[in-house]
Amino acid sequence: MRILLHRADGVTEPWVRDFASVLPQAEVVLWQEGVPCAPCDYAVLWSPPAALLDQLAKVKAIFLTGAGVDAILKFGDALPPVPIIRLGDAGMALQMAEYVAHAVLRYYRRFDEYERQARRGLWAPLPQFDKAQFTIGVMGMGMLGRRVLDSLAQFGFPLRGWSRGHKEIDGVTCFAGEDGLDEFLRGTRVLVCMLPLTPDTTNLLTRAKLSKLPEGAYVVNVARGAHLAEPDLLTLIKSGHIAGATLDVFRNEPLPGPHPFWDEPRITITPHISALTLRSESVAQIAGKIGALERGEAVADVVDRARGY
């Protein structure tokens, strides 16, 4: 068995070691541009370049070392007609829940405002928000979104969720489709974006949509930068309609030095770290799915190319 491996960050040696441990019968081949290699049975990729696609002609399946799929689906029909399989959990759901819970609690307990006061040497207790009015709205209720909602439920926040198709989750007021989006936004105090990036969700959060959030709302984006119209968010923050934002993803990464977000104290920036791929868990999951495919069994987390996730 031959496995083609490519990592956009260039860090491949630890992955090779882990695959050797769990699949000793497999030969791991590192892709190098301009260097042809013999056909491989499987590909394990993250954010591959277009030049790699020729090496995928004979693979039985493509595995992604992450939950997002936009970096591979952008190649469309140039991809072979084989299953594309993303990671299930592999430790990312807990990390995402930790990140979002921290952002929500920071705003609810007004720690962002206390931080700004402390920098000015100001000692001034602030009135606490009414939790019954501090509704958290999660856009995207897949595996990661549900884990985030579960983590927030223990704090007693009112919860609502929005997704493309109708879903029912205990303790969560659910909305679906374009018809339900405006109502979802109007009742959301903290908007958490966890959507997959598809043609339908690109540029979804524009000034027109974000303006439907109540005055003093907050935005947390841990999905993709292209969901959010960045100049529109900045305008709404400067006007006071949006009280603050915590952003882990951006249209251009790393976020350029001259970007105006760096100079806005009400925007918290993190470098795309809300849910990092845990290598050993990921390799074990991929190896298990390769074994299932070799036995002719079905596997979970196969990407629906028509839906884009």
Going through the range 141-233, which GluC sites (Glu not before Pro) have at most 13 other Cβ atoms within 10 Å and a DSSP loop state? Glu168, Glu215
Give me the percent relative contact order of the range 1-58, please, defined on Cα pairs under 8 angstrom at least 6 residues apart. 47 percent
What order do Asp112, Asp170, Asp41, Asp9 take when sorted by accessible area (1.4 Å probe), most exposed first? Asp170, Asp9, Asp41, Asp112
So who's got an amide H within less than 5 Å of the one on Leu197, skipping anything under 5 residues away but keeping other chains? H placed 1.01 Å off N, in plane. Val69, Asp70
In nm, what is the difference between 0.36 nm times the number of residues separating Ala292 and Ala124 and their Cα-Cα distance? 54.5 nm
Along the range 242-249, Karplus-curve 3J(HN,Hα) (6.51, -1.76, 1.60; θ = phi - 60°) to the nearest Hz, with x for Gly and Pro, reads 9, 7, x, 8, 10, 10, 10, 9
For the chain, percent of DSSP beta bridges that are antiparallel (nearest 5) comes out at 5 percent
³J(HN,Hα) across the range 304-309 via Karplus (A = 6.51, B = -1.76, C = 1.60, θ = phi - 60°), whole Hz, x for Gly/Pro? 8, 5, 5, 7, x, 6
Decide, for the range 1-70, between rounded, prolate and oblate: order the square roots of the alpha carbon gyration tensor eigenvalues as a ≥ b ≥ c, take rounded if a/c falls under 1.5, and otherwise choose prolate if a/b is larger than b/c, else oblate. rounded
Checked the range 196-269 with the C-alpha gyration tensor, a ≥ b ≥ c its square-rooted eigenvalues, rounded below a/c of 1.5, otherwise prolate if a/b is larger than b/c and oblate if not; verdict oblate
Tally up the carbon and sulfur contribution to the accessible surface of the range 218-309 as a whole percent, 1.4 Å probe, everything protein left in place. 56 percent
Through the Karplus equation 6.51 cos²θ - 1.76 cosθ + 1.60, θ set to phi - 60°, convert the phi angles of the range 50-57 into ³J(HN,Hα) values in whole Hz; use x for Gly and Pro. 4, 5, 7, 4, 4, 7, 9, 4
Under 29 Å Cα-Cα from Lys209, which lysines qualify once same-chain neighbours fewer than 8 residues away are excluded? Lys74, Lys131, Lys167, Lys238
Nearest-0.05 FRET efficiency for Ala38 and Asp9 at R0 = 35 Å, using Cβ-Cβ distance, is 0.90
Ordering 281-292, 44-55 by per-residue average of other C-beta atoms within 10 angstrom, highest first, gives 281-292, 44-55
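The values are calculated or read from the model by the stated rules, or taken from the named source; none is laboratory data. All values derive from a computational prediction rather than experimental measurement. Glycine also receives a Cβ, built like all others from the backbone with ideal geometry; neighbour counts cover every protein chain displayed. Remember, those area values only see protein heavy atoms, side chains included, never the ligands or the DNA or RNA. Shrake-Rupley method; radii C 1.70, N 1.55, O 1.52, S 1.80 Å.
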